[in-house]
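S.K.: Below is the structure I would like to discuss, written out as structure tokens.
The values are calculated or read from the model by the stated rules, or taken from the named source; none is laboratory data. Just so we're clear, the structure is a prediction, and the values are computed from it rather than from any experiment. Quick reminder, even Gly has a Cβ in these numbers, built from the backbone with ideal geometry, and neighbours come from all protein chains shown.
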Amino acid sequence: MSEVPSNLHYTKTHEWVRIEGNMLFVGITDFAQKALTEVVWVDLAEVGTTVQAIGACASVESVKSVSEINSPVGGEILESNTVLEDNPEMINEDPYGDGWIFRLQPTDISDIEGLLDAAAYTALIGE
Amino acid sequence: MSDLFAFRGADGAGWSQPEPSMGAEASWATVPEVLRRKSPPAWPKASEPELVRHYTWLSTRNFGIDTGFYPLGSCTMKHNPRLNERIVQLPGIDRIHPLQPEHQIQGLLAIFFEMQEMLAICSGMDEVTLQPVAGAQGEFTAMRCIQEYHRSIGQDHRNKVIVPDSAHGTNPASAAMCGYDIIEIPSATDGRIDLAALEEAVGDDTAAMMITNPSTLGVFEPDISRVSEMVHTAGGQMYYDGANFNAILGKTDPGRMGFDAVHYNLHKTFSQPHGGGGPGSGPIGVKSHLATFLPSPIADRRERVGDDPKGVGDGYWYVWKEVGESSIGKVQQWHGNSGAVVRAWAFYRRYGRELERMSEHAVLNANYLRHRILNPDSDTAERMHAMPLDGVPAEVVKHEFTLSMSALKDAVGVTGRDVAKRLLDYGVMAPTLYFPMIVPECLMIEPTETESKEVMDRFAADFHTILGEDPEIVTTAPHSTDVKRVDEVWAARNLILRHPGPE
């Protein structure tokens, strides 16, 4: 069983979103990190770039595959979690905490209403 | 363990060369001061017999199609006929240099020309270049031709390339190297292209669509003509990834399906050794509207006239043809991997129209092996922890098929990777693993046409045995190989890209 915290928002492509003030923290879900298996490399989002909703802006590589990380909503990348450069395993160990991938300034905070809630995401992954 | 750097022979070079004719001193003086080494290189000190032993020892630790069954999906690891080696080692082919003038290499030029013609015929294309030396380089070359074509007709705004999610990773990579943005479209549940998703993806910005048909799921795309029509109507070009050409050669061709460009893997379909056994070769064929952008030069011929030399005796004189100013330029030095081209030519010439039977047997073998694996007898099934699952719900497949090990993973925690590693203990190469990614715990199996029923029966039996073995044994496999379970995660996180040299 994968952990799906009830206070977060989710995408169909397995990113989670946490709202802090008017900014968003983004990472990949517990389900996603399990499917990827151990992460060996993270290609971080470039700070300052403008991204579109469901636009690829970072990538995560395991020995199994490389997966693109999408921005859940449109906005500007404010910060990337540089700790992951030397410690990619944080994504496996703490996907909802220290394994966050980037911080986003959304163009329109109300866009998050289009995302999934924990119940809908749990139904999506079918566990 | 044999490590060249660990050899500590007697002092000295371990080899001897004749004194330069101008004398060592004078020879040395021809090298500018700035280019001279200040200290000798840290090369191993090994004598010739030690060197020979080292490489022979290495060769005994290798695994290839000559040592055992190699069902690596999408790689078409077929037998490499020895006749090809006889041909490629003829002195007129083996001992020539790319800079030799045309009148000295008429034989090779004739082979190149004939190979271009034969590849064009079997694929329904108009013009072929033999220059690219790998499938991926062929993809890149063709995508560059498409890009230049669009520029030439004022369509440079087309910046999107569409690929299905079952595509080889090289497709989006090649397109990205040309500067294109990639749109990935999902497959339908039966593994076929989702036409509704394609309809949504095509538009005025579509440069091309890249497709492997049959796909990596081993499924032939019956809607391919409709797909071509949709992309062409939008103004895009159709690119055929020839990785799975082994399934259709002589039956149908990409030209008929509506494709504009295609690459051929001479090292797959046309029996050039590969996978550690030899260099690849990835020629491309294009329809006439793209021909003017191909890399130069291309082999060509003209009628012999007047006192022309005899040539190869077929009434023609063979030449290198320059494509002209619109060419994208060279993608490889000289003329590509000539040896691979000649071997593939020998193979093609040996079988000709019979190659249709090659495809038939490749498809028959894949379906037979799939049936054997998915339908064990009841005693065998009872001994297994879980049944292998079908990757896609297809009644018949083409030259390869996918299995999912999900049920086994859920039942006893044994993954697709574990099964693949355990197969090594049974003396066969592991199938392609975790690809395509749309099949969970995927194993992708391609037996090719050159394996016998006995080999496939044994493989199916070993496969079933593994699915009933003690999970502890399977998850720690392989046990009988020189190198045991490799810690891939550690290796990926701790890259060592250079031999540390003598300590």
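S.K.: Is it true that some residue in the stretch B:404-413 is of a type in the set (V, I, T), more than 18 Å from B:I65 (Cα to Cα) and within 14 Å of chain A (Cβ to nearest Cβ)? Break it down stepwise before answering.
M.R.: The first filter runs over the stretch B:404-413 and keeps only residues of a type in the set (V, I, T), leaving B:412.
Filter again for more than 18 Å from B:I65 (Cα to Cα), leaving B:412.
Among the residues that remain, those that are also within 14 Å of chain A (Cβ to nearest Cβ) are: none.
The answer is no, given that none of the residues of the stretch B:404-413 is of a type in the set (V, I, T), more than 18 Å from B:I65 (Cα to Cα) and within 14 Å of chain A (Cβ to nearest Cβ).
S.K.: If you don't mind, another one. Of the residues B:L119, B:L58, only one is more than 22 Å from the chain's Cα centre (by Cα), in a helix (DSSP H, G or I), in contact (Cβ under 8 Å) with a residue 12 or more places away in the chain and surrounded by 11 or more Cβ atoms within 10 Å (Cβ to Cβ); which? Spell out how you get there, then give the answer.
M.R.: On the way: B:L119 fails: more than 22 Å from the chain's Cα centre (by Cα).
Only one candidate passes the filter, namely B:L58.
S.K.: Identify all residues within the stretch B:365-402 that are among the basic types (K, R) and surrounded by 18 or more Cβ atoms within 10 Å (Cβ to Cβ); write none if there are none.
M.R.: Within the stretch B:365-402, B:R370, B:K398 qualify.
S.K.: For the stretch B:414-438, what are the residues that are aromatic (F, W, Y) and either closer than 21 Å to B:D462 by Cβ or away from chain A (no Cβ under 14 Å) (or both)? Spell out how you get there, then give the answer.
M.R.: The first filter runs over the stretch B:414-438 and keeps only residues aromatic (F, W, Y), leaving B:426, B:434-435.
Once the filter is applied, which keeps residues that are aromatic (F, W, Y) and either closer than 21 Å to B:D462 by Cβ or away from chain A (no Cβ under 14 Å) (or both), the stretch B:414-438 yields B:Y426, B:Y434.
S.K.: In the stretch B:490-503, what residues are out of contact with any strand residue (DSSP E or B) (no Cβ under 6 Å at 6 or more places or on another chain) and either free of Cβ contacts under 8 Å to residues at least 24 places away in the same chain or within 14 Å of another protein chain (Cβ to nearest Cβ) (or both)?
M.R.: Taking the stretch B:490-503 as the starting set, the residues that turn out to be out of contact with any strand residue (DSSP E or B) (no Cβ under 6 Å at 6 or more places or on another chain) are B:490-491, B:494-503.
Listed by number, the residues that qualify are B:W490, B:A491, B:N494, B:L495, B:I496, B:L497, B:R498, B:P500, B:E503.
S.K.: Kindly provide the set of residues from the stretch A:15-44 that are small (G, A, S) and either surrounded by fewer than 20 Cβ atoms within 10 Å (Cβ to Cβ) or within 14 Å of chain B (Cβ to nearest Cβ) (or both), ordered by number.
M.R.: Going residue by residue through the stretch A:15-44, those that are small (G, A, S) are A:21, A:27, A:32, A:35.
Answer for the stretch A:15-44, where residues must be small (G, A, S) and either surrounded by fewer than 20 Cβ atoms within 10 Å (Cβ to Cβ) or within 14 Å of chain B (Cβ to nearest Cβ) (or both): A:G21, A:A32, A:A35.
S.K.: Within the stretch B:129-141, is even one residue within 30 Å of B:F293 (Cα to Cα), in contact with a Ser or Thr (Cβ under 7 Å, 6 or more places away or on another chain) and either without any contact (Cβ under 8 Å) to a residue 24 or more places away in the chain or of a type in the set (D, E) (or both)?
M.R.: Yes: one or more hits.
Rundown of residues vs (1) more than 25 Å from the chain's Cα centre (by Cα); (2) modelled with pLDDT of 95 or more; (3) closer than 13 Å to B:F463 by Cβ, yes/no style:
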site: B:R370; (1), (2), (3): no, yes, yes
site: B:N375; (1), (2), (3): yes, yes, yes
site: B:A381; (1), (2), (3): yes, yes, yes
site: B:G391; (1), (2), (3): no, no, no
site: B:E395; (1), (2), (3): yes, no, no
site: B:E400; (1), (2), (3): no, yes, no
site: B:S404; (1), (2), (3): no, yes, no
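S.K.: Further question on the same structure: For the stretch B:476-489, give me the residue count where each residue is within 14 Å of chain A (Cβ to nearest Cβ) and in contact (Cβ under 8 Å) with a residue 24 or more places away in the chain. Walk me through it before giving the result.
M.R.: If we filter the stretch B:476-489 for residues that are within 14 Å of chain A (Cβ to nearest Cβ), which is where we start, we get B:485-489.
Filter again for in contact (Cβ under 8 Å) with a residue 24 or more places away in the chain, leaving B:485.
Of the residues in that region, 1 qualify.
S.K.: From the residues in the stretch B:406-438 that are acidic (D, E) and closer than 19 Å to A:A35 by Cβ, which one is modelled with the highest pLDDT? Can you show your working first?
M.R.: Step one: filter the stretch B:406-438 for residues acidic (D, E), giving B:410, B:418, B:425.
With closer than 19 Å to A:A35 by Cβ added as a condition, the list becomes B:410, B:418.
Values: B:D410: 94, B:D418: 97.
Per the criteria, the residue is B:D418.
S.K.: Which strands (runs of 3 or more DSSP E) sit wholly inside the stretch A:20-127 and have at least 2 residues that are within 14 Å of the chain's Cα centre (by Cα), hydroxyl-bearing (S, T, Y) and closer than 25 Å to A:S2 by Cα? Can you show your working first?
M.R.: Working: elements: A:23-28, A:39-43, A:55-62, A:66-71, A:75-80, A:102-106.
Strands (runs of 3 or more DSSP E) meeting the threshold: A:66-71.
S.K.: Quick check on this structure: which one of A:I101, A:I77, A:I112 is surrounded by fewer than 21 Cβ atoms within 10 Å (Cβ to Cβ) and either more than 14 Å from every other protein chain (Cβ to nearest Cβ) or more than 29 Å from B:W490 (Cα to Cα) (or both)?
M.R.: On the way: A:I101 fails: surrounded by fewer than 21 Cβ atoms within 10 Å (Cβ to Cβ); A:I77 fails: surrounded by fewer than 21 Cβ atoms within 10 Å (Cβ to Cβ).
Result of the check over A:I101, A:I77, A:I112: A:I112.
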